[in-house]
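Please read the structure below before turning to the comments.
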Amino acid sequence: MNSLIAQLINLFASVMLIVTFAMLSQRRILTLIHLFTLHGLAVVGATTVVAYITHQHHLYYSAGITLVLKVILIPVLLHKLIDRLNVRWDVETLINIPTLMLVGILLVVFAFNLALPIAELSTSVARSTLGIALACVLLSFMMMITRAKAVAQVIGFLAMENALFLAATSATSGMPMVVELGIALDVLVGILILGVFMFQIREQFDSLDIRHLENLKDD
Amino acid sequence: MELLFLLLSIPLVGGLVLAVIGHHGYAREVNVGFSLATFLAAAALTARIMSGGPITVADGQFFIDPLNIFLVTLTALVGCTTSIFSRPYMRVELDHGKMTPMRMRLYHSMYQFFNGTMLIALTTNNLGILWVAMEAATLTTVLLVSVYRTPASLEAAWKYFILCGVGIAQALFGTILLYMAADKVLGGGMGALLWTNLEAVKEQLNPTIMSLAFVFLFIGYGTKVGLVPLHNWLPDAHAEGPTPISAVLSGLLLNVALYAVLRCKVLADGALQNHFASHLMIGFGLLSVVSAAFFLSRQQDVKRMFAYSSIEHMGLMTFAFGLGGPVANFAGLLHMTVHSLIKSAIFFAVGHAAQKAGSQLMEDIRGLLKVNPTVGWGLMLGSLAILGMPPFGAFASEFLILTTAMRELPWATPLLLLALGVAFASIFARVQPMVFGATELKPLAHPPSPLPVFIHLGLGLMLGLYIPPYLDTWYRQAAAMIGG
Amino acid sequence: MSATGVISQLLAICIALLGAPLLMGWVNQWRAWLQNRSGPGLLQPYRALHKLLHKEAVVAHGASPLFLASPYVVFSCMALSCAIIPTLSTDLPLSPVADAIALVGLFAVARVFISLAALDIGTAFGSLGARREMLIGFLAEPALLMVLFTASLISQSTSLTSIVENLAHREFAIYPSLAFAGIAFTFVSFAENARVPVDNPATHLELTMIHEALILEYSGRHLALIEWAAAIKLFAYSCIGIALFFPWGIAEADAPLALLAALPIQAVKLALGGFLLALIETVSAKMRIFRVPEFLASAFLLAVIGMLVHFLLGA
């Protein structure tokens, strides 16, 4: 039975990986936000299972903070934001989607390779998911740089933070609480600032297409 | 220890106060007041350290040692002089309509918060809190860069946020890996992230984990230092933000980021016992110096040009710390101090010059010596100083770095000399017509304050001729600690 | 080569050949019911086959022997594939003929022949259908191979019967790699069987048809064989899916009683699978053709990730 619970961690991590890929290929912003909520739920699930197995209570608190922040608060903020900004659809991504998928596979292979020697050294019960967490980080990073709309970039950034949180849980059974609180605070403030920003970008350019933001170049 | 808490809380309280009253006319003076108070607290702390030696505070959560004491004082000093500079500068911006009182409120409070987060980053012993403070500093400066609300400044701030956000996330992953390595040796909990504890056991940290951790930490914090190829945010942020922000970005934030890299390098060197970290730093430092010099030569905007100069100098410092050894480390630390002082002085002069001309393009700025000697002489002397002209301090540090490079890494020396030469030619050629010549520029309604520029240049000059004994001791001790 | 082996082999082939139209009828009937129509009845495909077999096969003047031979080739490929897929039992004497990879090759042979036959006559619809079919096949095949590789890696063999035996005997555990592979396999089977997210099997609109465009020129017994082969292909894919991902209940060697029990179990699983297929078809909209490569790229991707996750997690 214990191993079944341990397999739950693997399952949550795999769900996170699928959701990250789904986010890569999604065009509709609303679906992106829903997928991001699912992403957060997977992280919360994995952390709770680790907390249950290792009896570390501070992980319950971390999972709780992530739940409130990444699954409830931030998606609500994002929904309000896209309602006010009237953003529904995305334009095409900067690279077409099948190519993105193939590059994504390469990144996953790279991440797994990188994480394998490290994961063996970890003492955490979730150590095998370090590769998946690193792969999610790299995929979210790719999502940020290949997206044309500002909201999608923001979601990519948040997904990266989620994946880093999973990495922390899988590498070390969680960072100290103060650090995690600080990180959570930073993320929240960051989102608020980004929200403010998007309004200003909207005001200036009448659109949230970041290709308007490519004028400052070295000539 | 109360002095340290006083030092850290003054800017934070100042930020809160200015968030309420920042749109009034007297807010600028209040800003100067808070910065001055911070500087006095820093001076008192320095005096305490001079007599007492390194200290740890609050159960080891904060500490002051030779590496960060001079940076703390430098940060407080530059913060203070920049606030003095920002007084007349912002009055002119307000008159020209580029700022509104509401945005002045944001500007002033974020300025104080920025100072506060940088001081926290410098004095914290906890590497996790260091990360949080760096991220917070990034967030405050993002708001500051976009404060003019022009399309270009929004673009610069967005790029800054995204690039530095990604970089900082890599640094977070590096911190996680570091915690993982520390967890094995020190056990979990808050103690495992304290730098002093880690430094004591650095040989026992697992090499595989530490090498990967250092790579991520270097990429992450290196983005904030402005190393090529992750430097794209730097020229835009400097050019589009208000000049006081360019001054503190160049003068202070880059230094704090490099300081973070150094702290991690010490741990990595101890764990890896090879020159992996040094090679990384040498490689990227050299790349930054050479690329920045060539980018520099093609710039039309004066603030972008000096931004690339900052990238070049940070690359030089990274290269110096990569070389290691007592001489190169000493030179790197000296250069950190001198560059910070002189670059901010240059930005003070450039800010006023751009205000007079109404444009940041160098071809529009002419004859500064005639219109306002402060600005003209400040720019002239500042440029000469940053280009490494003796007797200013940059000459001493660059000389030491070059001679060490010639001894240890002969193949790098021609590249360095080439880059420094290209930068010299470009900057000098651009600054000369700006300073001399006939002009139709009018003086500004609110005359610039000569104090900041000349204090900085004076200190830069002094450091070139004479390094005070306690500073010398701190440099040597820090150099020994950085090792390599 | 025991008696039960021969019996189970013959049973597998007969059930596949005779039961495939029933599965097709079941799926179509459920589509009708879900769309609030009364539907043509479960045995309609049999009636259609009967009608076609008694009609004259009209062939175009320029048709080559390839055109005439293709229906037979396609039908034999499908029949052979049914012979090696463990539907009721893993005791199939013919299974050493082809393993999982050769199975994919069999499907490829069928696809090649039917595409060439479509090109053979030289009509516009034929070449259009052939090109679209090749596009889908080109992208679906790697995905299918990856899915089979994942299953083979877990069970250390590429022979379908060994895979099924291995997977059926493992204790119940959550295998994320198989989950990924299962989703990828579902995507691929939608593409290969010309089902709604990829291709509407009932349409004859130029803009949207893929499979139908290939067989426009056929009539009479040729058309009967091809329609039968399509039904057998759907049956085969469903059985592969069940064998790889829900293998409990399939009889082993030398277990005649288990063989008898396997029949109703398999029928229930197929019925459930058919219902789910009809449900997904009713709920989804057909994708535009240039989105199909993305769909299949994600299937390939999921399959590859399934394999990578197996390496990483050992599960």
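What the table below lists for this structure:
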| quantity | calculated |
| --- | --- |
| Set B:Gly116, B:Gly167: member being touching a helix residue (DSSP H, G or I) at 6+ places or on another chain (Cβ under 8 Å) and either away from chain A (no Cβ under 11 Å) or open to solvent by 10 Å² or more (accessible area, probe 1.4 Å) (or both) | B:Gly116 |
| Residue in segment B:400-417 that is more than 30 Å from B:Gly358 (Cα to Cα), small (Gly, Ala, Ser) and either touching a residue at least 12 places away in the same chain (Cβ under 8 Å) or open to solvent by 40 Å² or more (accessible area, probe 1.4 Å) (or both) present | yes |
| Contacts under 7 angstrom Cβ, first residue in segment B:277-288 being among the hydrophobic types (A, V, I, L, M, F, W, C), partner in a helix (DSSP H, G or I) and surrounded by fewer than 23 Cβ atoms within 10 Å (Cβ to Cβ), 6 or more apart | B:Ala277/B:Asp269; B:Leu286/B:Ala412; B:Leu286/B:Leu415 |
| Flag for C:Thr123 being surrounded by 21 or more Cβ atoms within 10 Å (Cβ to Cβ) and not hydrophobic (A, V, I, L, M, F, W, C) | no |
| Scope segment B:1-38; condition assigned to a loop (DSSP other than H, G, I, E, B) and aromatic (Phe, Trp, Tyr); matching residues | B:Tyr26 |
| Flag for B:Ala181 being farther than 28 Å from B:Phe70 by Cβ, modelled with pLDDT under 90, open to solvent by less than 10 Å² (accessible area, probe 1.4 Å) and more than 7 Å from chain A (Cβ to nearest Cβ) | yes |
| Residues of segment B:274-307 that turn out to be open to solvent by 10 Å² or more (accessible area, probe 1.4 Å), hydrophobic (A, V, I, L, M, F, W, C) and within 14 Å of another protein chain (Cβ to nearest Cβ), as a count | 2 |
| Flag for B:Ser51 being away from chain A (no Cβ under 12 Å), of a type in the set (S, T, N, Q), open to solvent by 30 Å² or more (accessible area, probe 1.4 Å) and part of a helix (DSSP H, G or I) | yes |
| Of all residues making up segment C:17-41, the number that are surrounded by 15 or more Cβ atoms within 10 Å (Cβ to Cβ) and either touching a Pro at 6+ places or on another chain (Cβ under 9 Å) or not aromatic (Phe, Trp, Tyr) (or both) | 15 |
| Qualifying residue in segment B:151-162 (condition: closer than 20 Å to B:Thr124 by Cα and acidic (Asp, Glu)) | no |
| Hits in segment C:147-180 - residues which are surrounded by 24 or more Cβ atoms within 10 Å (Cβ to Cβ) and at pLDDT 90 or above | C:Val147 |
| Criterion: more than 29 Å from B:Thr243 (Cβ to Cβ) and surrounded by 22 or more Cβ atoms within 10 Å (Cβ to Cβ) - qualifying residue of B:Leu139, B:Leu172, B:Leu186, B:Leu130 | B:Leu172 |
| Odd one out for B:Leu106 among (1) within 13 Å of another protein chain (Cβ to nearest Cβ); (2) crowded, with 22+ Cβ neighbours inside 10 Å | (2) |
| Where C:Arg47 falls short, out of the listed (1) open to solvent by 60 Å² or more (accessible area, probe 1.4 Å); (2) over 28 Å from C:Leu272 (Cα atoms); (3) out of contact with any helix residue (DSSP H, G or I) (no Cβ under 6 Å at 6 or more places or on another chain); (4) modelled with pLDDT of 90 or more | (2) |
| Within segment A:21-48, considering residues that are farther than 26 Å from A:Thr99 by Cα and open to solvent by 40 Å² or more (accessible area, probe 1.4 Å), the one modelled with the lowest pLDDT | A:Thr48 |
| Some residue of segment C:171-193 being within 14 Å of chain A (Cβ to nearest Cβ) and free of Cβ contacts under 8 Å to residues at least 24 places away in the same chain | yes |
| Members of segment B:124-141 found to be assigned to a helix (DSSP H, G or I) and more than 7 Å from chain A (Cβ to nearest Cβ), listed by number | B:Leu127, B:Leu130, B:Trp131, B:Ala133, B:Met134, B:Ala137, B:Thr138, B:Thr140, B:Thr141 |
| Residue list for segment C:260-315, restricted to those being touching a Lys or Arg at 6+ places or on another chain (Cβ under 9 Å) and facing chain A (nearest Cβ under 7 Å) | none |
| Cross-chain or 6+ apart pairs with Cβ under 8 Å, segment A:195-219 first and over 18 Å from B:His238 (Cα atoms), then open to solvent by 80 Å² or more (accessible area, probe 1.4 Å) and modelled with pLDDT of 75 or more | A:Phe199/A:Arg84 |
| Search result, residues across segment B:449-484 that are more than 24 Å from B:Val248 (Cβ to Cβ), in a helix (DSSP H, G or I) and either open to solvent by 20 Å² or more (accessible area, probe 1.4 Å) or not β-branched (Val, Ile, Thr) (or both) | B:Leu465, B:Pro469, B:Tyr470, B:Asp472, B:Thr473, B:Arg476, B:Gln477, B:Ala479, B:Ala480, B:Met481 |
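The values are calculated or read from the model by the stated rules, or taken from the named source; none is laboratory data. Just so it is clear, the structure is predicted and the values come from calculations on it, not from any experiment. Using ideal geometry, Cβ is built from the backbone for each residue, glycine included, and neighbour counts are taken over all protein chains shown. Surface accessibility is based on the protein's heavy atoms, side chains included, excluding ligands, DNA and RNA. Shrake-Rupley method; radii C 1.70, N 1.55, O 1.52, S 1.80 Å.
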